Amino acid sequence: MSIATASFYDRSTSLMLRMSSRAETLQTQIATGKKLLTAADNPGGYQRLGMLKRESVAAETTTANLALAQGLLAQSDSLLGSVDDRLQRVSELTVRARSGILSQGDREAVATELDTIRDELLSLANSRDSRGAPIFGGSSTGDAFTQAADGTVSYTGDGAPVPIPIGEGRSVIASENGEHIFMPAGGTDIFATLAAVSASIRSGDAAATAGHNDDILAALDHVAAARASVGAREMRVELETQRRKTEETDREIAMSSIEDVDVTKAVTELQKTLTILQATQSSFTRLSQLTLFDQLR
């Protein structure tokens, strides 16, 4: 009889302790919203969760780089669009001026507008990005172009732009080499051409003005090609950004499935556990009293 009583006490005590521990765990899960509180709760899941979190942290740098590249490419595209607009205006003015029917005052007005456009193009060529770096200056920190006292413009940038890493050994060039755009080797030096066109218009040399129109058209083609290249890289970065967003969403879903608690299910289980615990405690109390009564009787 004493053995049975002792066994009853042990089983009842063990059950109540387990129920109490489970109730505490469920209450903590509901309060924190997490079902994976320690590695012991799910060793495999805990390890998988750690790996997913490390991947998420590593992806933050790539995401930031993609955002930077996207911004720089958008700025490059916008600037090249502005350059294209001004060169289109230059072409219009050149065609108008080469007709030879303009008065000296009209020619002076056209030449002055061309000079203004040239200054605007120089300003665009020296634009800086969100980091304060010259967007067409490669890896340099100073202006991409400088203008001498005689008006001559020179490229003072530092070669090709620095590639931006976008993960998994890949990178993207997020801007353009200003020298290749505004004064390409063997091509049209836009600043020199505009200075020459302005001078020929002021002097009334219609033949020289007409000859420069081909140079302007060539510059327009060159800018259009550069803009198309930037656009292709913008699309590549956009696709990569979307891919990364999908990966991050998948990681979040995977992490949630491992560590996030189903609150409704946990509350239901807690209520069930507390009910069983209370019933067990009540039964234990009643049976204990009966056993004690029998012994006293």
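The values are calculated or read from the model by the stated rules, or taken from the named source; none is laboratory data. Please read all numbers here as calculations on a predicted model, not as lab measurements. Here the Cβ positions follow ideal geometry from the backbone for every residue, glycine too, while neighbour counts run over all protein chains shown.
Under 35 Å from the mean Cα position of the chain (by Cα), within 30 Å of Gly105 (Cα to Cα) and surrounded by 15 or more Cβ atoms within 10 Å (Cβ to Cβ) - does that describe any residue in the stretch 219-239? Looking for residues that are under 35 Å from the mean Cα position of the chain (by Cα), within 30 Å of Gly105 (Cα to Cα) and surrounded by 15 or more Cβ atoms within 10 Å (Cβ to Cβ), one finds at least one in the stretch 219-239, hence yes. Evaluate the stretch 172-179: report whether one residue or more is surrounded by fewer than 18 Cβ atoms within 10 Å (Cβ to Cβ) and out of contact with any helix residue (DSSP H, G or I) (no Cβ under 7 Å at 6 or more places or on another chain). Within the stretch 172-179 (the criterion being surrounded by fewer than 18 Cβ atoms within 10 Å (Cβ to Cβ) and out of contact with any helix residue (DSSP H, G or I) (no Cβ under 7 Å at 6 or more places or on another chain)), the answer is no, since none of the residues qualifies.
So that you can scan it fast, the table gives a plain yes or no per residue for (1) assigned by TED's automatic domain parsing to the domain that holds Val230; (2) more than 24 Å from Thr249 (Cβ to Cβ):
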| residue | (1), (2) |
| --- | --- |
| Thr28 | no, yes |
| Ala40 | no, yes |
| Gln47 | no, no |
| Thr61 | yes, no |
| Leu80 | yes, yes |
| Asp85 | yes, yes |
| Val90 | yes, yes |
| Val95 | yes, yes |
| Gly100 | yes, yes |
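Could you tell me which of the residues Ser140, Ser171, Ser175 is in contact with a strand residue (DSSP E or B) (Cβ under 9 Å, 6 or more places away or on another chain), on the phi < 0 side of the Ramachandran plot, hydroxyl-bearing (Ser, Thr, Tyr) and touching a residue at least 60 places away in the same chain (Cβ under 8 Å)? Let's see the steps before the verdict.
Numbers: Ser140 fails: touching a residue at least 60 places away in the same chain (Cβ under 8 Å); Ser171 fails: touching a residue at least 60 places away in the same chain (Cβ under 8 Å).
Exactly one residue qualifies, and that residue is Ser175.
Within the stretch 192-212, residues that are farther than 14 Å from Gly100 by Cα and in contact (Cβ under 8 Å) with a residue 12 or more places away in the chain have Cβ atoms under 6 Å from residues that are of a type in the set (Ser, Thr, Tyr) and not in a helix (DSSP H, G or I) in no pair, counting only partners at least 6 apart in sequence or on another chain.
The condition of being surrounded by fewer than 20 Cβ atoms within 10 Å (Cβ to Cβ), over 17 Å from Ser229 (Cβ atoms) and touching a residue at least 60 places away in the same chain (Cβ under 8 Å) does not hold for Gln147.
For the stretch 80-90, the criterion of being touching a Phe, Trp or Tyr at 6+ places or on another chain (Cβ under 9 Å), under 12 Å from Gly178 (Cβ atoms), of a type outside the set (Val, Ile, Thr) and surrounded by 15 or more Cβ atoms within 10 Å (Cβ to Cβ) is met by none of the residues. Checked against the criteria, Ala64 counts as hydrophobic (A, V, I, L, M, F, W, C), surrounded by fewer than 16 Cβ atoms within 10 Å (Cβ to Cβ) and out of contact with any Phe, Trp or Tyr (no Cβ under 8 Å at 6 or more places or on another chain). For the stretch 223-242, give me each residue that is without any contact (Cβ under 8 Å) to a residue 40 or more places away in the chain and aliphatic (A, V, I, L, M). Within the stretch 223-242, Ala225, Ala228, Ala232, Met235, Leu239 qualify.
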